[in-house]
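Right, one structure below, let's go through it.
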Ligand code: C2E
Ligand code: MG
Ligand code: MG
Ligand code: MG
C-alpha cells in the first residue's frame, strides 16, 4: 500500500520547482509530522500607513523549519503540497495559528491577513472550513483578512464570489493578492466581493520608470478610495518607493522598508512602542 501511495505522489512531483523528486516526496511525507511538531509556523510582516508610519495590520507568511534543510520559504513547498492535494491541512494549520495570534491584536483593532490559495475558494465547504478553523483557535472573523493568492487559478468564479460573500457577511475581510499580475485581474475585481487590493511589487518597481504604471496605480487608488476599499502596495523597499506610492494616493504599504516578516513577539513589541510614542514621533523614515 505504501508503494501505491508513493507512486501516486510521484505523479504530483516534478523538478520544475528546483528540487529533486526525492526531496519533494520527503517533504510531502513529513508534512503531518511537521505540523504536529510546530516546524511549520508563521512570520508576520507589518503593514503601515504611508501618512504617519503607524502599524495598521500584518500579513502572516508561512515558514517550514526543516530539521535538515533549515528554514524553507513557501515558494519551495506550497506548489508541491498543492499538486499533491494536501493544501487543506496546511491551510487549517495557518488559519489556526493566525487566529490565535489575532487575539493579541484585538485591543488595537488590527487585522491579520492569511494567505489562502485560490484553488480552494470555490469548494462547497470553503466558508465553513475558514470559519471553523478561526473559531477553533478563539479568533474572531473581524480580526482576520482572507488574502486570496494565485487568483489566476480560481476554478469557478460564481461559486468563489458566493463563498467570499458568505465570509464577508460573517465579518471577514477579503483581499485580492498580487493584483496586477497573472490573468483576468479586472474581471476578478468586477466579479468578486473584496475589501482590499494588494498591488504586487512588480508595479511598485514599474512606477519608478513608467508613466503608464503610475497612471494605472493612481486610478486604482482613486477607485478603491471611493468605494471604501483598502489599497496596499507590496514590496516597499526604499524611501523612493514610499514617496512615489504615497503621492499616487496609495495609503498603506508593506515591504522591507517598513519591516521584514518577523516573529509575533517582535510585532507586538512594535505595537507597545507605538502605544507609548505617538506615530508621528516614530523614526521610521
Ligand atoms: P505574497 O502573499 O505576495 O507575500 C509577499 C512576499 O514578498 C513574501 O514572500 C514576503 O516575504 C516578500 N516580501 C515582503 N516585503 C518585500 C520587499 O520589500 N521586497 C521583496 N522583494 N519581497 C518582499 P514569502 O514569505 O516568501 O511568500 C511568498 C508567497 O508564498 C506569498 O506571496 C504567498 O503567495 C505564498 N504564501 C505565503 N504564505 C502562505 C500561506 O500560508 N499559504 C499559502 N497558500 N500561500 C502562502
Ligand atoms: Mg499575500
Ligand atoms: Mg502579495
Ligand atoms: Mg506578491
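What the table below lists for this structure:
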item: Most to least packed among 172-179, 217-224, 85-92 [average Cβ atoms within 10 Å]; result: 172-179, 217-224, 85-92
item: All-pairs Cα distance distribution in the stretch 16-120, expressed in whole percent, bin size 10 Å; result: 13, 43, 28, 13, 3
item: Added length on full extension, which subtracts the Cα-Cα distance from 0.36 nm per residue, residue 37 to residue 71; result: 10.8 nm
item: Compactness of the stretch 119-183 as Cα Rg over 2.2 N^0.38 Å, two decimals; result: 1.10
item: Long-range tail of P(r) for the chain (Cα pairs > 25 Å, %); result: 50
item: Column: log10 I(q)/I(0), Debye, Cα scatterers of the stretch 86-194, q = 0.14, 0.19 Å⁻¹; result: -0.50, -0.91
item: Pair residue 156, residue 276: separation of 7 Å Cα→Cβ label points (nm); result: 5.4
item: Angle between the chain longest axis and helix 264-276 axis [Cα atoms, degrees, rounded to 10]; result: 20
item: The chain - percent relative contact order, Cα under 8 Å, separation 6 or more; result: 18
item: Global form of the stretch 169-265, assessed from the alpha-carbon gyration tensor, a/c cut-off 1.5; result: oblate
item: Estimated 222 nm signal from helices in the chain, with DSSP H stretches of n ≥ 4 weighted -39500 (n - 2.57), rounded to 500; result: -13000 deg cm²/dmol
item: Principal-axis tilt of helix 211-226 within the chain, Cα atoms, nearest 10 degrees; result: 90
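No value in this document is a laboratory result; all are computed from the given coordinates. Being a predicted model, the structure only gives us computed values, none of them experimental. So basically every Cβ, Gly included, is an ideal-geometry build from the backbone, and we count neighbours across all protein chains shown.
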